[in-house]
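Note sheet for the following structure.
Just so you know, all these numbers are worked out from the coordinates, no wet-lab data involved. Given the structure is predicted, the values throughout are model-derived calculations rather than measurements. Note that each Cβ is placed from the backbone with ideal geometry, even for glycine, and that neighbours are counted across all protein chains shown.
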């Protein structure tokens, strides 16, 4: 099932600026409509790829007992 990337939460995007951080858990596509709308208003946006990688590293460390960063 492919995520629905053409919808976004009803937030006050016009009130966002460079002090706003939007984090979308999706990592495919790189940027969703939610992220694009935030970026248009100056928000910092991140997708879920970094979180996925950090979870993988933490899991490796937990099960293997060694750091992979």
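Please report 34, 57, 62 as a ranked list, fewest other C-beta atoms within 10 angstrom at the top and most at the bottom.
Ranked by crowding around the Cβ, least crowded first: 62, 57, 34.
Along Cα→Cβ, 7 Å out, is where each label goes; now give me the distance between the ones at residue 59 and residue 11 in nm to one decimal.
2.6 nm
State the Kirkwood hydrodynamic radius of the chain in Å, one decimal place, computed from all pairs of distinct Cα atoms.
13.5 Å
Give me 23, 2 sorted ascending by neighbouring Cβ count inside 10 Å, so fewest comes first.
Ranking 23, 2 by Cβ neighbours within 10 Å, fewest first, gives 2, 23.
Using just the helices of the chain, give the 222 nm mean residue ellipticity in deg cm²/dmol: DSSP H runs with n ≥ 4 each add -39,500 (n - 2.57), and the total is spread over all residues, rounded to 500. Display every interim value, and only then the final one.
Numbers: 2 runs with 24 residues, N = 69.
Rounded to the nearest 500, it is -11000 deg cm²/dmol.
Could you tell me how many degrees, from 0 to 90 and to the nearest 10, lie between the Cα long axis of helix 49-64 and the main elongation axis, the longest principal axis, of the Cα atoms of the chain?
In the chain, helix 49-64 runs at an angle near 20 degrees to the longest axis.
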